[in-house]
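Report on the following structure.
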Amino acid sequence: MTDTGFEKVPARNRRRFPGISSRAYEHPADRSALVALRKLSGFDTVFKTLSGLLPERSLRLLFLSDSVRVGETQFPHLHEMLRDACYILDLEKVPQMYVQQDPKPNAMCIGLDEPIIVVTTGLVELLDEEEMRAVVGHEVGHALSGHSVYRTILLFLTGLALKVAWIPLGNVAIMALVTALREWFRKSELSADRAGLLVGQDLNASMRGLMKIAGGNHLHEMNVDAFLAQADEYEKSGDLRDSVLKILNVLPRTHPFTTVRAAELKKWSQHRDYQRIMDGHYPRREEDKDTSVTDSFRQSASHYADTVRTSKDPLMKLVGDIAGGAGDLGGKLRDRFTGAGAGAGSGSGTGTAGGSGSEGKGTTGPAPEQG
């Protein structure tokens, strides 16, 4: 171990992606929203002129006065990781980075005019060098995608709207907005997890980092395969009552559950899209202006359709059956909501007669919570 608390790892060369567009790694739902926003000419400029209404200036002063700014003389190992991540993803301007005293492992990327990356001491002390590299790449991915701009704007608008929730029916409208925003936030986290993998280029390190965020610094007590098996069990276990509980559990969150993030990242690492990026074939930033909003939304819709088709979740299977015109809907609702009929059909599966159960490759959709 070094004085900084990181284990020494052998130096290795990582691929660089000159001119890479964030579209290369963005989750389809995240990408479609961002493409649409980028097409709104002057969208960023309008809101940046209103930055006096936003707490950004206050936050910058707060971090400057009460956190440690990463640089050549302060947390130099993080400074090198940050520069390296920006070099690999070809981010022209290196964001400012701060370390904030907080025992809770966390990181975020915020800001309108310029993104700021903040990591907590809890995170720095928890992760080894390669795990931390993936987190820094995650946050640089947020910066490259422009998530810091849109997140800051949308969080401000959400907060403003909540203040007028007393207006009749206002609360219903606000909750619909908040729910939609959180769904986008969760998908943007999956995008950033992919960026972290492109920077670190070490899937095992990314998996270890997510495991530590879930279970602390006890890797000798944890196992990657068992951790991923939790995600599979979470998705397919139970009946419709459990599916409803899953939805209720995730609605208040801005981040996907950690096991789900790990499973989604591994799935993407095995997909041809990831291999094409690693081979140097990826969308370029210079092509962003020509990107079709319609095509992006079509890809997003296709992703969600594939998710329903291949999901092992009881509710998603039922949705797939309904979409496929399955008969005896009343019986299926009864069996899947009560768990009845388990083992009644042939084969093990979920024990539900007529379930689709088909699996496909699919594409997946991270901070922390890694922001």
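The values are calculated or read from the model by the stated rules, or taken from the named source; none is laboratory data. Here the structure is a predicted model, which is why all the values come from computation and not from measurement. Areas reflect the complete protein model, heavy atoms only, side chains present, ligands, DNA and RNA absent. Shrake-Rupley method; radii C 1.70, N 1.55, O 1.52, S 1.80 Å.
Structure data summary
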quantity: Flagged links, alpha-carbon separation over 26 Å, of Lys266/Lys289; Lys236/Lys267; Lys93/Lys289; calculated: Lys266/Lys289
quantity: Accessible area in square angstrom per residue, segment 85-140, 1.4 angstrom probe; calculated: 35 Å²
quantity: Solvent accessible area, Å² - Asp273, 1.4 Å probe, full protein context; calculated: 60 Å²
